[in-house]
Every structure is written in C-alpha cells, then in structure tokens.
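Undergrad: Dropping a structure here in structure tokens format, bear with me for questions.
Rule-based calculations on the coordinates, nothing more; no lab input. The structure displayed is predicted, hence computed values, not measured ones. Heads up, the Cβs are rebuilt from the backbone with ideal geometry, glycines too, and the neighbour counts pull from every protein chain shown.
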Amino acid sequence: MAKKGKGLIRSLNRSATRPLKVRAAEVRSGRLAEPAACEQCGAIYRRRVWRSPAAPSPALLERARWTRCPACVQAARQEYLGRVLLHGCYLDLHRDAVTARIRNVATRARVRQPQRRVVSLEARDGTIEVLTTSQKLAHRIAHEMKKAFGGRTTYSWADDGVLTARWERS
C-alpha cells in the first residue's frame with residue numbers, strides 16, 4: 001500500500017475554495033452567454049474572459065451574441081478605476097514624448113487585455129491627467145514614466161477602489 005503524501009492530501013482538501021467564483025463584472029451585469037462579441041471594439045468573450053483575437057473565425061462570429069464589453073460601457077460612462085497625475089517642469093519640454101509613451105503603454109496593455117483602456121487623457125496647466133478603466137493600467141503607466149524618464153512616483157488607493165498614481169519630475 002502506497003503512502004499518501006502531504007501534497008496529495010492537501011489537493012483533496014478543498015473546503016475553503018469556491019469552484020464557481022463569480023467575477024465583479026458578472027455580479028453587476030449577470031453572466032453572459034458564450035461566445036459574445038463586442039460590437040464596438042471587437043473583443044470576444046469566451047471562457048469567461050474578454051480577449052482581442054488576431055482574426056476571429058467566421059463560425060465563431062456567426063454564433064456570437066453581439067453586445068458591448070464592460071470596458072466600452074465604462075469608457076462611455078467616463079467611469080474610471082485608475083487615475084494618473086503627471087506634474088513637473090519636464091512635461092513642458094517633453095510633452096509629446098510623454099504622451100506618446102502613455103499611448104504606447106495603453107496600446108500594449110490593450111492587445112493582451114482589452115478591458116484595460118485609457119478613458120481620457122487631458123493636458124492642462126502643466127499637468128497631464130490620465131483616467132483608466134483599471135488600477136493595473138494606471139500603475140503600469142506611472143511605473144513606465146518613472147522607468148523611461150526618471151522622476152518620482154507615489155500611489156494611493158481610495159476606499160472606493162480608485163488608484164491615484166502621481167509622477168513628477170522637475
């Protein structure tokens with residue numbers, strides 16, 4: 001008779017797990033029928049995840065239920081979960097390079113995860129304010145600003161789930 005190892009015993013003990021986890025978007029709007037396609041951005045919802053396929057098959061598009069993805073709804077309502085504030089004299093001299101870097105980071109994030117988007121990008125009075133649909137994209141933009149241009153970043157989370165990231169360089 002073979003002994004049971006701790007790994008096997010622990011893998012069989014699943015008392016604290018929920019096999020049917022409900023995601024936040026599913027709680028708000030209910031679970032979508034799969035497959036679904038966003039009529040605005042073209043993202044496909046399969047296996048409970050929104051993705052941007054390189055070339056979706058015609059058979060998949062024929063079966064898909066056409067709707068709007070949560071990111072498109074969030075962007076239309078101007079709702080955001082991430083906010084990046086860029087300050088400093090450096091912005092006056094290099095505004096084009098900074099905004100190009102922000103757009104590149106947002107484009108790269110959107111390829112892998114279409115739910116992470118820039119809601120708005122506004123420049124006024126020596127500051128740039130970027131609103132994003134996710135905390136992670138706001139964090140990534142601030143981190144990339146520090147990595148590419150130097151400066152200092154700070155992060156603060158509000159009780160309502162909004163991340164405010166600040167980047168400044170003199």
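Undergrad: With r defined as the distance between the Cβ atoms of Asp125 and Gln40 and R0 fixed at 30 Å, what FRET efficiency is calculated, to the nearest 0.05? List each step's numbers first, then the result.
TA: Values: r = 32 Å, r/R0 = 1.08.
Efficiency, from the Cβ-Cβ distance: 0.40.
Undergrad: Give a residue-ordered list of calculated ³J(HN,Hα) values for segment 90-101 (Karplus: 6.51 cos²θ - 1.76 cosθ + 1.60, θ = phi - 60°; whole Hz; x for Gly, Pro).
TA: With coefficients 6.51, -1.76 and 1.60, one gets 4, 5, 4, 8, 10, 4, 5, 5, 5, 5, 5, 5 Hz.
Undergrad: Would you mind checking segment 78-96 for residues with the amide N under 14 Å from a putative spin-label position 7 Å along Cα→C-beta of Ser156?
TA: Hits in segment 78-96 for Ser156 at 14 Å: 83-86.
Undergrad: Which of rounded, prolate, oblate describes segment 27-170, given a ≥ b ≥ c as roots of the alpha-carbon gyration tensor eigenvalues and a/c under 1.5 marking rounded, otherwise prolate only if a/b is larger than b/c? Write out the running numbers ahead of the final one.
TA: Numbers: a/c = 2.83, a/b = 2.08, b/c = 1.36.
In terms of gyration-tensor shape, prolate.
Undergrad: Which of the three applies to segment 24-112, rounded, prolate or oblate, going by the alpha-carbon gyration tensor with a ≥ b ≥ c and a/c under 1.5 meaning rounded?
TA: Values: a/c = 3.57, a/b = 2.02, b/c = 1.77.
It is prolate, given that a/c is not under 1.5 and a/b is the larger ratio.
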